[in-house]
Amino acid sequence: MSFLAKTHHPRSWGRYPSVAPAEVQAVYWRSEIPDLADFEHPLLPFAYGRSYGDSCLNEGGVSLDVSHLRRFISFDENEGLLCCEAGVSLAEILELVVPRGWFIPVSPGTKFVSVGGAIANDVHGKNHHKAGTFGCHVTRFELLRSHGERLICSPYENPQLFQATIGGLGLTGVILWAEFRLKPIVNSFIDMERIQFSSLDEFMQISAETDRKYEYTMSWVDILIGGQNLCRGIFMCGNNDQSKSRAAQKPGKKLPLAIPFDFPSFVLNTLTVKSFNELCYHTQFSKRVHKVVPYEPFFYPLDSIHNWNRMYGSRGFLQYQFVVPFEDGFAAMKEIIDRIRRSGEGSFLTVLKTFGTIQSPGMLSFPRPGITLALDFAYGGRKTLQLLDELDKVVRQSGGAVYPAKDARMSAENFQAFFPRWQEFAQYVDPHFSSSFWRRVSHTNKLVTV
Amino acid sequence: MMIVGATSAIAHETAKCFAKDGAEFFLVARSPQKLADIGNDLKVRGAQRIETYVLDVTELERHQEMIETAITTLDGLDMVLIAHGTLGDQQKCQRSVAETLKEFTTNCTSVISLLTILADYFEQQKRGCITVISSVAGDRGRQSNYVYGAAKGALSVFLQGLRNRLSKSGVAVVTVKPGLIDTPMTAAVKKGLLAASAKGVGEGIYRAMKSRKEVVYLPWFWRPIMLIIRTIPEPVFKRLSM
């Protein structure tokens, strides 16, 4: 039971930067939205604050809290077509649709995101190589623009705004509701395999071999081992279980743990991260483990610890997720891993995955074919920022990109190089909308070299 | 079941729980648009049937007709939840008799009117459950909101009497006393640590209705808090600024 109401100060998940909007305006009903053009400051929708950096923050602006727009609108159980308001969380959707034999088409690493946020960040999941991004499954949505227009956007109606809004970081207007396709399941379990690997080469090999066979793949990696192997880790792959007899079986509910206070900043350091990695790697005694597990621990292992972000203490942390193309990607990956190891900054939760070739309709969509690595670094001031700037350079040279939903610091030049369609996108940004992220990366006063 | 004030955040949370059980709803509220939003949501969540009725509860003369419509369309009523209310502006009420009476009509008189009609129906039916959202504010008058508090206090006493009367007919009367809840109604109120979410309170009401409780404080910690507040002697209490 959750009696505690959520606080209304918008913060991002990484808790860096800590900046305040001039005003928070809650929206309760689609039929009662204040006139957006009347606000003095630029607007940005905000729901549960699960973006890591500043793409959901609007310093000095108006944070439009849409988390109260959380009603379902319709559910076609034969077609698996669900329509709901933008503030509905994926957790609520799962609770509703899983017992009825459906699953969300693409799921990020946490279920505590809103549907609006899933579209605005065009989130991806473990099945990117099979299903693309969340935006690939959206059939239509309603977009409220600041001059009062309510537009239905789909691949056929207002297609440019549709493409700009998917991955559009909330800048094109407020998504009021969205309709998207679910995926049918026989039961709620995942038939999974865990495979140990001891080098990046081996990861690539397992990845190539499992991508066709498995719907969901991702790996936890330890990049602090050094040497020619570059990394070691555990490759996790799975499919929705197909056994009809399990359909009636309900996974037991575990009480979520919570981190009740900010850990002091010394708790997470290279040494503790190294021991944690050692422990993780060796919890598995045999090379391959095969089992059937409930979907929650498979998709959302971190959701079982509420506020895990507090482990980083009050200084906050920076997530860094990039993708490098398959060609030359190996060299770039090697250089990045080397630089991180030399810097002495330990990344606690490191996730490695390959992206497939399915293209999203989104103009600013992040995923593209290649290898993607997600790392997090406790915020250690200039040193951390410098390291990430160096990594940006490597990513850029290899023709890759850094994920805006997790970013709090990339430069305008790099953003513009990572997202060559940004100027096309900028035409669709609502004149009354902006974000801390957008103000930083849309500078045009510097020379753009692509 | 019938819900009056069906678009209130707390009522909606309670209704979600009943929808999961496949309940049939007769939803009453002022705004047809919001009623449609809530109705659609409950339908997706499993409600077997949704009927809506647009009514401003201060139109007391329409109560009889509304209740008759509910009974005929749903083919009887097992449960009623009365959840409408306005927080009102204490300062404005102090300056205006009309404003004070308006608050009273919304928060007290209109509910008493509905209950008077419903009581006869339930008494004859000899089963069912009537649940009304009152407030901890009705437990003791305070300078900051005594008009609202007095309306809710009168309501709580009315419900006590009604419970006493209907218990003989096997009808449960549940008085719900929420503390400060984070809802659109209290959007302008500064929230402290004690503010609760509408979801938790809505689920608490569902459980109270299922187990046919008498008086429930939500969240539970308001019961000891109000016990303390009620026991402060008046000579002391009058000096406090609460």
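The values are calculated or read from the model by the stated rules, or taken from the named source; none is laboratory data. Everything quoted here is computed from the prediction, not taken from an experiment. When we count neighbours, we look across all protein chains shown, and the Cβ atoms used for this are built from the backbone with ideal geometry, even at glycine. When the accessible area is computed, the model is the full protein with side chains, heavy atoms only, and any ligands, DNA or RNA have been set aside. Shrake-Rupley method; radii C 1.70, N 1.55, O 1.52, S 1.80 Å.
So here's what we get for this one:
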| quantity | calculated |
| --- | --- |
| Filtered residues of region B:1-18 (kept if touching a Leu at 6+ places or on another chain (Cβ under 8 Å), among the polar types (S, T, N, Q) and outside any helix (DSSP H, G or I)) | B:T7 |
| Residue in region A:75-92 that is more than 27 Å from B:I38 (Cα to Cα) and open to solvent by 20 Å² or more (accessible area, probe 1.4 Å) present | no |
| Tally, over region A:226-247, of residues that are outside any strand (DSSP E or B) and in contact (Cβ under 8 Å) with a residue 40 or more places away in the chain | 9 |
| Filtered residues of region B:19-31 (kept if within 12 Å of another protein chain (Cβ to nearest Cβ) and either aliphatic (A, V, I, L, M) or over 20 Å from the mean Cα position of the chain (by Cα) (or both)) | B:A19, B:K20, B:A29 |
| Residue in region A:252-260 that is open to solvent by 70 Å² or more (accessible area, probe 1.4 Å) and under 30 Å from A:F418 (Cβ atoms) present | no |
| Residue satisfying all of: in region A:218-239; open to solvent by 20 Å² or more (accessible area, probe 1.4 Å) and modelled with pLDDT of 90 or more; nearest to the chain's Cα centre (by Cα) among these | A:M218 |
| Output for region A:176-215, where each listed residue is open to solvent by 20 Å² or more (accessible area, probe 1.4 Å) and closer than 30 Å to A:S63 by Cα | A:W177, A:E179, A:R181 |
| Options A:E85, A:E149; residue that is out of contact with any helix residue (DSSP H, G or I) (no Cβ under 7 Å at 6 or more places or on another chain), acidic (D, E), farther than 23 Å from A:I305 by Cα and more than 14 Å from chain B (Cβ to nearest Cβ) | A:E149 |
| Flag if B:D75 is on the phi > 0 side of the Ramachandran plot and open to solvent by 10 Å² or more (accessible area, probe 1.4 Å) | yes |
| Per-region count, region B:33-59, residues at the interface with chain A (Cβ under 8 Å from one of its Cβ atoms), under 20 Å from the mean Cα position of the chain (by Cα) and more than 22 Å from B:T86 (Cα to Cα) | 0 |
| Matching residues, region B:169-189, being crowded, with 20+ Cβ neighbours inside 10 Å and hydroxyl-bearing (S, T, Y) | B:T175, B:T183 |
| Count - residues of region A:141-187 that are at positive phi and touching a residue at least 24 places away in the same chain (Cβ under 8 Å) | 5 |
| Among residues of region B:172-187, those that are without any contact (Cβ under 8 Å) to a residue 60 or more places away in the chain and either farther than 22 Å from B:K210 by Cβ or within 14 Å of chain A (Cβ to nearest Cβ) (or both), counted | 4 |
| Lone unmet requirement of (1) within 14 Å of chain B (Cβ to nearest Cβ); (2) among the β-branched types (V, I, T); (3) within 23 Å of A:Y403 (Cα to Cα) for A:V27 | (3) |
| Condition met for B:R62 (within 14 Å of chain A (Cβ to nearest Cβ), under 20 Å from the mean Cα position of the chain (by Cα), open to solvent by 60 Å² or more (accessible area, probe 1.4 Å) and not hydroxyl-bearing (S, T, Y)) | no |
| Residue count for region A:59-73, restricted to those that are open to solvent by 10 Å² or more (accessible area, probe 1.4 Å), touching a residue at least 60 places away in the same chain (Cβ under 8 Å) and over 13 Å from A:R30 (Cβ atoms) | 1 |
| Region A:268-314 - residue that is in a loop (DSSP other than H, G, I, E, B) and farther than 18 Å from A:T350 by Cβ and, of those, least open to solvent (accessible area, probe 1.4 Å) | A:G313 |
| Which listed residue is touching a Cys at 6+ places or on another chain (Cβ under 7 Å), away from chain A (no Cβ under 14 Å) and either basic (K, R) or within 21 Å of B:M79 (Cα to Cα) (or both), from B:R165, B:R212 | B:R212 |
| Residue among A:Y295, A:Y312, A:Y300 that alone is of a type in the set (F, W, Y) and at pLDDT below 90 | A:Y312 |
| Flag if A:D262 is of a type in the set (D, E), part of a helix (DSSP H, G or I) and touching a Lys or Arg at 6+ places or on another chain (Cβ under 8 Å) | no |
| Positions within region B:19-43 being open to solvent by 10 Å² or more (accessible area, probe 1.4 Å), part of a helix (DSSP H, G or I) and farther than 24 Å from B:Q64 by Cα, in sequence order | B:K20, B:N40, B:K43 |
| Filter result (within 29 Å of B:E234 (Cβ to Cβ), part of a helix (DSSP H, G or I) and open to solvent by 50 Å² or more (accessible area, probe 1.4 Å)) within region B:135-168 | B:Y146, B:V157, B:F158, B:Q160, B:N164 |
| Test: A:F419 is open to solvent by less than 10 Å² (accessible area, probe 1.4 Å), in contact (Cβ under 8 Å) with a residue 12 or more places away in the chain and over 30 Å from A:F197 (Cβ atoms) | yes |
| Region B:190-209, residues that are touching a Phe, Trp or Tyr at 6+ places or on another chain (Cβ under 7 Å), facing another protein chain (nearest Cβ under 10 Å) and open to solvent by 10 Å² or more (accessible area, probe 1.4 Å) | B:S197 |
| In region A:1-17, the residues that are part of a loop (DSSP other than H, G, I, E, B) and either modelled with pLDDT of 95 or more or surrounded by fewer than 16 Cβ atoms within 10 Å (Cβ to Cβ) (or both) | A:M1, A:S2, A:K6, A:T7, A:H8, A:H9 |
